[in-house]
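Okay, here's the structure, questions in a sec.
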Amino acid sequence: MRFLPDAEQRAFTDSLHAMLTAADTPAVIREWSRGDHASGRALWRRVARAGVFGLAVPEEHGGLGRHPVELALAFVELGRHAVPGPLVETVAAAVLLADPPLAKRFLPGLLAGTDLATTAVVPNGHALDGDAAAVRLARIPGGLRLASAGPVRRSLDPARRLTPLAPDGELLDPGPPFGLALTWARLAVAAQALGVGFALLDRTVAYVCRRSQFGAPVGSFQAVKHRLADAATALEFARPLLFGAAVSLRPADVAAAKLTACEAAYTTARTALQLHGAIGYTAEYDLSLWLTKARALRTAWGTPEECREVFLEDALRTSAPSDSP
C-alpha cells in the first residue's frame, strides 16, 4: 500500500511552504531569540489564518475539525522553516481547552493567531515562550490552572525561550484528559523534527556540492555520500511512522514516531555539523538555527527513554496471553 498525500493535502503544504519561504524565517528567528516578537507574531497570524491550529479543534468550537494527518503535514513545513514560538504548546492547549465553556473563552484568540498559548507541568517543568503567551496553562494534580510566567531562562536553542510558571491563576475545568493533549503534542513534535531533519539534509547536500577540496567537490567523496545516505535513510524511515501514527493516533504509535523522527533529525544534525566543518559551529551561520532545534526537540514532550517506555509497555500489554481458553 502506498501512503502519499492527496492533491488537496499537497496544495495545502505547497502554499504553506511558499508563505514561509517568503517570510525570511532566519531573520524572524533571530529577532524572536532576542525577545523581539513583532515579526514572529505577524508570521504567527499568517500561520493561523492558513488553518494550522484549526486542524486540532473540532468544528463546533470554530476549528476545521481534528485532522491529525494534515496537522502533521503542516508541522513538517513549520519544522523545515524552523518557525519559532510555542507551536506545539498551542496545539496542546487547543486540545485541552476544547471543553465548551473554555473553548468559547480561549479558542477564538488561538485560532485567529492573536493569542499564543503555552503549557507546562509544574513545579518541575518549564514553559516555552511564557513571556510571549497570552494563555499560560500549568498542569497541577488538581487539573489545569492559569499561570504567570517567571523570568526567561537560557535554552540550548535560543529561539526556545523557557520560563517557569507559577500556578497562581484561576483553576480551570480540566476538560479532555491530559493524555490526549500529550499525544497530539508528541505528534506535532515528531512532524516538526522531521521537517528540521529535511532542512538540515537539503542544506548540507547543497553545501558539499559547492565546497571543493583536492580539486573536487566534497560531495563527490564516498565517505561523505555514505554519511548523507545514512541521514536520508533515517529520515525516510521516520516519515511513514509519522503518518501512520497520525492515522491511528494511538499513544504508542505516536511515541514510536516521535522517537524515530527526533533521533533521525538529531543524526542528521550531527552529520550536517561534521560536513560543514568549523563554519557549522558559528551562531551567525543559518545552519545553527536548525542544529539547535533538532537537539531541543529530541527531549521536548517526552525524552527518548519515555517514548521507548510507552511503546514497550503497549507491546507487552498487547502481546500478553489471554486468560480465555
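Could you list, in sequence order, the residues of region 3-21 that are more than 13 Å from Val83 (Cβ to Cβ) and not in a loop (DSSP other than H, G, I, E, B)?
Across region 3-21, the qualifying residues are Ala7, Glu8, Gln9, Arg10, Ala11, Phe12, Thr13, Asp14, Ser15, Ala18.
Look through Leu228, Leu235, Leu312 and report the one residue that is modelled with pLDDT of 95 or more and under 24 Å from the mean Cα position of the chain (by Cα).
Matching residue, one of Leu228, Leu235, Leu312: Leu235.
If a residue has to be in contact with a Cys (Cβ under 7 Å, 6 or more places away or on another chain) and assigned to a strand (DSSP E or B) to count, how many in region 208-249 make the cut?
So the count comes out to 1.
Every residue, every condition in (1) under 26 Å from Leu128 (Cα atoms); (2) out of contact with any strand residue (DSSP E or B) (no Cβ under 8 Å at 6 or more places or on another chain); (3) touching a residue at least 24 places away in the same chain (Cβ under 8 Å); (4) hydrophobic (A, V, I, L, M, F, W, C), yes or no:
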{"residue": "Gln213", "(1), (2), (3), (4)": "no, yes, no, no"}
{"residue": "His226", "(1), (2), (3), (4)": "no, yes, no, no"}
{"residue": "Ala234", "(1), (2), (3), (4)": "no, yes, yes, yes"}
{"residue": "Ala245", "(1), (2), (3), (4)": "yes, yes, yes, yes"}
{"residue": "Pro251", "(1), (2), (3), (4)": "yes, yes, yes, no"}
{"residue": "Gly277", "(1), (2), (3), (4)": "no, yes, no, no"}
{"residue": "Tyr281", "(1), (2), (3), (4)": "yes, yes, no, no"}
{"residue": "Trp290", "(1), (2), (3), (4)": "yes, yes, yes, yes"}
{"residue": "Leu297", "(1), (2), (3), (4)": "yes, yes, yes, yes"}
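Would you point out which residue out of Asp6, Asp24, Asp14 is loosely packed, with under 13 Cβ neighbours inside 10 Å, among the acidic types (Asp, Glu) and at pLDDT 95 or above?
Every option except Asp14 fails the conditions.
So which residues in region 130-159 are under 20 Å from Ala296 (Cα atoms), in a loop (DSSP other than H, G, I, E, B) and touching a strand residue (DSSP E or B) at 6+ places or on another chain (Cβ under 6 Å), if there are any at all?
If the condition is that a residue be under 20 Å from Ala296 (Cα atoms), in a loop (DSSP other than H, G, I, E, B) and touching a strand residue (DSSP E or B) at 6+ places or on another chain (Cβ under 6 Å), then Gly130, Asp131, Ala133, Val152, Ser155 are the ones that fit.
Kindly indicate the residue of region 185-222 that is of a type in the set (Ser, Thr, Tyr) and under 17 Å from Leu291 (Cα atoms) and also surrounded by the fewest Cβ atoms within 10 Å (Cβ to Cβ) among those meeting that condition.
Among those that are of a type in the set (Ser, Thr, Tyr) and under 17 Å from Leu291 (Cα atoms), it is Tyr207.
Any chance region 274-284 includes a residue that's over 30 Å from Leu55 (Cα atoms), in contact with a Ser or Thr (Cβ under 7 Å, 6 or more places away or on another chain) and of a type in the set (Ser, Thr, Tyr)?
Looking through region 274-284, at least one residue is over 30 Å from Leu55 (Cα atoms), in contact with a Ser or Thr (Cβ under 7 Å, 6 or more places away or on another chain) and of a type in the set (Ser, Thr, Tyr).
Which residue pairs have Cβ atoms under 6 Å apart, sit 6 or more places apart or on different chains, and have a first residue in region 1-30 that is farther than 28 Å from Glu284 by Cβ and a second that is surrounded by 11 or more Cβ atoms within 10 Å (Cβ to Cβ) and of a type outside the set (A, V, I, L, M, F, W, C)?
Pairs found: Thr13/Glu77.
Within region 27-40, count every residue that is part of a helix (DSSP H, G or I) and either surrounded by fewer than 16 Cβ atoms within 10 Å (Cβ to Cβ) or over 19 Å from the mean Cα position of the chain (by Cα) (or both).
Matching residues across region 27-40 total 4.
In region 239-262, what residues are surrounded by fewer than 18 Cβ atoms within 10 Å (Cβ to Cβ) and among the charged types (D, E, K, R)?
The answer is Arg250, and nothing else.
Next up: Within region 57-85, which residues are of a type outside the set (D, E, K, R) and assigned to a loop (DSSP other than H, G, I, E, B)?
Val57, Pro58, Gly62, Gly63, Leu64, Gly65, His67, His81, Ala82, Val83, Pro84, Gly85
Oh, and also: Can you go through Leu228, Leu156 and tell me which one is more than 21 Å from Leu116 (Cα to Cα) and not assigned by TED's automatic domain parsing to the domain that holds Leu291?
Leu156
OK, next. Does Ala283 satisfy the criteria of being under 18 Å from the mean Cα position of the chain (by Cα) and at pLDDT below 95?
In short, no.
Within region 272-282, can one find any residue that is within 30 Å of Asn124 (Cβ to Cβ), touching a helix residue (DSSP H, G or I) at 6+ places or on another chain (Cβ under 9 Å) and not in a helix (DSSP H, G or I)?
Checking region 272-282: not a single residue is within 30 Å of Asn124 (Cβ to Cβ), touching a helix residue (DSSP H, G or I) at 6+ places or on another chain (Cβ under 9 Å) and not in a helix (DSSP H, G or I).
The values are calculated or read from the model by the stated rules, or taken from the named source; none is laboratory data. Computed from a predicted model, the values in this text were never measured in an experiment. Don't worry about glycine lacking a Cβ; one is built from the backbone with ideal geometry, like all the others, and counts go over all protein chains shown.
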